[in-house]
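> I'd like to ask some things about the structure below.
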Ligand SMILES: Nc1ncnc2c1ncn2[C@@H]1O[C@H](COP(=O)(O)OP(=O)(O)O)[C@@H](O)[C@H]1O
Ligand SMILES: [Mg+2]
């Protein structure tokens with residue numbers, strides 16, 4: 001187990017390194033942040049000062065070396081735009097994104113799995129066909145368009161739910177959250193549904209395919225030959241076999257929900273990391289982009305690790321390689 | 001004469017093929033006395049499994065039993081309700097399938113899969129009693145250290161051991177009839193032999209009747225009392241096992257016997273019946289074997305009933321290989 005964890009940590013560090021090189025080179029090639037940051041009316045002297053202050057006068061590998069040594073000490077640099085530590089900026093926005101992402105994922109699981117199981121068990125029913133049609137729509141309609149439609153319908157026309165912001169938050173273990181107040185929950189519903197829709201569709205399709213495949217297995221026939229009730233066959237034999245592979249997908253989707261909450265956050269002015277990174281890219285705010293991506297990479301690695309461990313716990317056939325008894 | 005434990009009368013089971021209901025087996029009559037072992041023999045595709053599954057009530061829609069009766073201790077299973085069938089399945093009739101690698105659920109422990117077979121038919125059974133019975137059943141089929149093996153998962157067993165577990169599960173509720181659908185075909189020859197003789201002993205001990213389905217005549221020779229030979233979804237010949245092996249009546253039976261390696265002189269190529277079993281929607285009229293038969297004449301295209309060739313000896317052929325006695 002220790003060997004396994006060490007190997008995974010090493011992989012993560014390697015990924016971080018490669019990613020940071022790519023981002024450095026990428027941002028360097030796209031353009032000069034100074035052109036974006038400094039107003040046209042600045043004097044050449046002011047310009048020189050700022051360039052020096054950001055270290056942009058150094059050759060790119062020197063800049064990278066500075067970044068590397070600093071980041072090993074835990075300092076990812078200051079944002080060019082906000083002139084605050086990039087890491088702190090991102091961490092202050094993270095709870096909002098995480099809350100949204102978790103809500104979306106919980107929705108995807110608790111809506112997607114039951115619908116998928118039903119559609120898999122009774123593929124010919126009208127209800128199953130409706131579920132599948134819904135999932136095709138969820139897959140193919142663009143998230144921002146659905147977001148706008150939700151705002152139009154529920155906020156503008158019906159006036160039931162607010163269209164932007166997080167609403168009232170309370171501190172939970174020192175982190176501000178919305179879902180514990182009525183106002184916060186009202187603000188959370190639409191963005192969470194918007195972000196969840198694609199995932200719900202995905203979970204429905206995967207669950208349905210898994211159930212249909214599982215029902216054809218010989219062990220299901222044997223289970224029926226034992227005289228088990230339909231309920232036992234579905235809830236124990238079919239569900240367990242279907243859900244195990246789903247764990248991987250859902251786990252990995254958590255990463256992508258976090259990373260790609262950008263669109264939903266933009267539509268609903270949700271004050272999360274996504275909005276921050278969009279602005280950072282627009283300003284070529286390299287420290288902020290780097291810090292954001294490093295956090296995302298770390299998060300993906302961590303989620304992957306947790307998923308792998310979880311998988312080995314629930315599926316008796318899987319043992320983590322490199323691990324010992 | 002006492003009533004047989006199981007009798008099948010005029011069974012016809014159809015499947016939907018291109019929108020039409022096509023019989024896969026028809027006119028099947030057979031019976032099994034208490035404690036008797038019968039063989040159901042035929043090439044692949046001759047309808048053996050469909051017969052077995054029909055008896056179990058495991059034919060899935062759009063397949064259906066369209067004619068006939070299946071009497072278990074006098075009770076008709078074709079007209080029985082769904083819940084009644086479930087109560088009978090696994091308790092009064094059990095079934096074992098061909099591929100031991102696939103019959104056990106890979107993600108459930110052996111004890112779970114055994115104990116549920118007990119609690120499905122006796123909801124008041126306590127865990128302690130159930131466990132003891134499962135352990136004894138594993139011991140009975142020759143699994144070493146059954147107490148520990150109860151906690152294992154299927155992938156921790158070899159193919160032969162998995163089939164023993166399946167047999168133990170089938171025996172748990174002391175059924176009157178066991179249907180064994182080619183349970184040793186996927187195993188190597190030495191293990192085949194062991195399982196065969198153990199099954200014989202277990203049926204003698206428990207008084208269960210056994211329907212042994214196989215395509216391999218060598219298997220039935222030492223095991224069964226009577227044999228039913230199947231082709232194209234019909235019984236084409238039946239009788240005492242030695243009688244059938246020594247003096248086959250139907251040219252198809254003779255072909256089956258000749259294609260067994262033991263009849264082969266060294267150096268001579270193994271005999272094969274020319275042609276293949278037709279698909280169920282391409283069945284020829286009259287004797288279904290006549291297109292492949294060397295003795296076929298135009299008469300073979302007419303309706304051919306099962307006619308007697310001595311006590312307990314029947315065949316469906318107009319060119320019998322032995323004279324009517
Ligand atoms: N569910 C099904 N749907 C359509 N045809 C089937 C089905 N099950 C079996 N058949 C057909 O019935 C015939 C007999 O099959 P089966 O009983 O499995 O043969 P075997 O003697 O090898 O066990 C085959 O032609 C097979 O294709
Ligand atoms: Mg078969």
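> I'd like to verify a number: residues in segment B:221-233 that are buried (at least 24 other Cβ atoms within 10 Å of the Cβ) and on the phi < 0 side of the Ramachandran plot, how many?
Selection size over segment B:221-233: 5.
> Restricting attention to segment B:113-128, and to residues there that are in a helix (DSSP H, G or I) and exposed (fewer than 15 other Cβ atoms within 10 Å of the Cβ), which single residue is farthest from the other protein chains (Cβ to nearest Cβ)?
Ranking the candidates gives B:128 first.
> Kindly provide the set of residues from segment B:52-75 that are within 14 Å of chain A (Cβ to nearest Cβ), more than 14 Å from ligand 2 (Cβ to nearest atom) and touching a residue at least 40 places away in the same chain (Cβ under 8 Å), ordered by number.
B:62, B:63, B:72
> Considering only segment B:219-231, state which residues are modelled with pLDDT under 95 and within 16 Å of ligand 2 (Cβ to nearest atom).
Passing the criteria: B:219, B:220.
> Only one of (1) at positive phi; (2) surrounded by 18 or more Cβ atoms within 10 Å (Cβ to Cβ) fails for residue A:138. Which number is that?
(1)
> Considering only segment B:102-109, I want to know if a residue exists there that is touching a residue at least 60 places away in the same chain (Cβ under 8 Å), closer than 26 Å to residue B:214 by Cα, part of a helix (DSSP H, G or I) and within 16 Å of ligand 2 (Cβ to nearest atom). Working first, answer last.
First, pick out the residues of segment B:102-109 that are touching a residue at least 60 places away in the same chain (Cβ under 8 Å): B:103-104.
Checking which are closer than 26 Å to residue B:214 by Cα leaves us with B:103-104.
Then drop every residue that is not part of a helix (DSSP H, G or I), which leaves B:103.
Remaining after also requiring within 16 Å of ligand 2 (Cβ to nearest atom): B:103.
Checking segment B:102-109: at least one residue is touching a residue at least 60 places away in the same chain (Cβ under 8 Å), closer than 26 Å to residue B:214 by Cα, part of a helix (DSSP H, G or I) and within 16 Å of ligand 2 (Cβ to nearest atom).
> Under the condition of being assigned to a strand (DSSP E or B) and away from ligand 1 (no atom under 16 Å from the Cβ), which residue from segment B:170-200 is nearest to the other protein chains (Cβ to nearest Cβ)?
Restricting to residues being assigned to a strand (DSSP E or B) and away from ligand 1 (no atom under 16 Å from the Cβ), the top hit is B:178.
> Only one of B:159, B:142 is away from every other protein chain (no Cβ under 14 Å), in contact (Cβ under 8 Å) with a residue 40 or more places away in the chain and either surrounded by fewer than 23 Cβ atoms within 10 Å (Cβ to Cβ) or out of contact with any helix residue (DSSP H, G or I) (no Cβ under 6 Å at 6 or more places or on another chain) (or both). Can you tell me which?
Of the residues listed, the single one that is away from every other protein chain (no Cβ under 14 Å), in contact (Cβ under 8 Å) with a residue 40 or more places away in the chain and either surrounded by fewer than 23 Cβ atoms within 10 Å (Cβ to Cβ) or out of contact with any helix residue (DSSP H, G or I) (no Cβ under 6 Å at 6 or more places or on another chain) (or both) is B:142.
> More than 10 Å from every other protein chain (Cβ to nearest Cβ), modelled with pLDDT under 90 and surrounded by 20 or more Cβ atoms within 10 Å (Cβ to Cβ): which single residue out of A:204, A:247, A:258 fits that description?
Values: A:204 fails: modelled with pLDDT under 90; A:247 fails: surrounded by 20 or more Cβ atoms within 10 Å (Cβ to Cβ).
Testing whether each residue is more than 10 Å from every other protein chain (Cβ to nearest Cβ), modelled with pLDDT under 90 and surrounded by 20 or more Cβ atoms within 10 Å (Cβ to Cβ) leaves just A:258.
> If I go through segment B:95-107 residue by residue, how many of them are more than 7 Å from chain A (Cβ to nearest Cβ) and more than 16 Å from ligand 1 (Cβ to nearest atom)?
So the answer is 2.
> Let me ask something else. Can you find even one residue in segment A:211-224 that is part of a helix (DSSP H, G or I), surrounded by 17 or more Cβ atoms within 10 Å (Cβ to Cβ), touching a residue at least 60 places away in the same chain (Cβ under 8 Å) and more than 14 Å from every other protein chain (Cβ to nearest Cβ)?
Checked segment A:211-224: at least one residue is part of a helix (DSSP H, G or I), surrounded by 17 or more Cβ atoms within 10 Å (Cβ to Cβ), touching a residue at least 60 places away in the same chain (Cβ under 8 Å) and more than 14 Å from every other protein chain (Cβ to nearest Cβ).
> Report, by residue number, each residue of segment A:29-73 that is under 27 Å from the mean Cα position of the chain (by Cα) and over 15 Å from residue A:291 (Cα atoms).
Hit for segment A:29-73 is A:30, nothing else.
> Specify the residue that is farthest from the other protein chains (Cβ to nearest Cβ); the eligible residues are those in segment B:31-51 that are closer than 28 Å to residue A:228 by Cα and within 14 Å of ligand 1 (Cβ to nearest atom).
Within segment B:31-51, the subset closer than 28 Å to residue A:228 by Cα is B:31-40, B:47-51.
Retained after the next criterion (residues that are within 14 Å of ligand 1 (Cβ to nearest atom)): B:39-40, B:47-51.
On the way: B:39: 20, B:40: 17, B:47: 17, B:48: 15, B:49: 11, B:50: 13, B:51: 15 Å.
Within segment B:31-51, the match that is farthest from the other protein chains (Cβ to nearest Cβ) is B:39.
> For segment B:293-316, which residues satisfy the criterion of being closer than 17 Å to residue B:273 by Cα and touching a residue at least 40 places away in the same chain (Cβ under 8 Å)? Show your work before the answer.
To start, the set of residues in segment B:293-316 that are closer than 17 Å to residue B:273 by Cα comprises B:293-296.
Those that are closer than 17 Å to residue B:273 by Cα and touching a residue at least 40 places away in the same chain (Cβ under 8 Å): B:293, B:294, B:295.
Condition check ((1) within 25 Å of residue B:83 (Cα to Cα); (2) surrounded by fewer than 17 Cβ atoms within 10 Å (Cβ to Cβ); (3) modelled with pLDDT under 95) across all residues:
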position: B:24; (1), (2), (3): no, no, no
position: B:40; (1), (2), (3): no, no, no
position: B:44; (1), (2), (3): no, yes, yes
position: B:49; (1), (2), (3): yes, no, no
position: B:53; (1), (2), (3): yes, no, no
position: B:65; (1), (2), (3): yes, no, no
position: B:70; (1), (2), (3): yes, no, no
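> Going residue by residue through segment A:66-83, is there one that turns out to be outside any loop (DSSP other than H, G, I, E, B), touching a strand residue (DSSP E or B) at 6+ places or on another chain (Cβ under 8 Å) and either within 27 Å of residue A:257 (Cα to Cα) or at pLDDT 85 or above (or both)?
yes
> Could you grab me the full set of residues in segment B:87-102 that are within 21 Å of residue B:32 (Cα to Cα), crowded, with 17+ Cβ neighbours inside 10 Å and out of contact with any strand residue (DSSP E or B) (no Cβ under 9 Å at 6 or more places or on another chain)?
Result: B:90, B:91.
> Same structure again: So if I check each of B:25, B:78, which one is away from ligand 1 (no atom under 16 Å from the Cβ) and either more than 14 Å from chain A (Cβ to nearest Cβ) or not in a helix (DSSP H, G or I) (or both)? Don't jump to the end; show me each part of the working.
Values: B:25 fails: away from ligand 1 (no atom under 16 Å from the Cβ).
B:78 is the lone residue from the list that is away from ligand 1 (no atom under 16 Å from the Cβ) and either more than 14 Å from chain A (Cβ to nearest Cβ) or not in a helix (DSSP H, G or I) (or both).
> Let me ask another. Would you check if there is a residue in segment A:227-242 being out of contact with any strand residue (DSSP E or B) (no Cβ under 7 Å at 6 or more places or on another chain), assigned to a helix (DSSP H, G or I) and under 30 Å from residue A:36 (Cα atoms)?
For segment A:227-242, residues out of contact with any strand residue (DSSP E or B) (no Cβ under 7 Å at 6 or more places or on another chain), assigned to a helix (DSSP H, G or I) and under 30 Å from residue A:36 (Cα atoms): absent.
> Residues in segment A:290-300: is at least one modelled with pLDDT under 90, within 14 Å of chain B (Cβ to nearest Cβ) and buried (at least 19 other Cβ atoms within 10 Å of the Cβ)?
Taking every residue of segment A:290-300 in turn, none turns out to be modelled with pLDDT under 90, within 14 Å of chain B (Cβ to nearest Cβ) and buried (at least 19 other Cβ atoms within 10 Å of the Cβ).
The values are calculated or read from the model by the stated rules, or taken from the named source; none is laboratory data. From a predicted model like this one, the values you see are computed outputs, not experimental measurements. Here the Cβ is made from the backbone with ideal geometry for all residues, glycine too, and neighbour counts use every protein chain on show.
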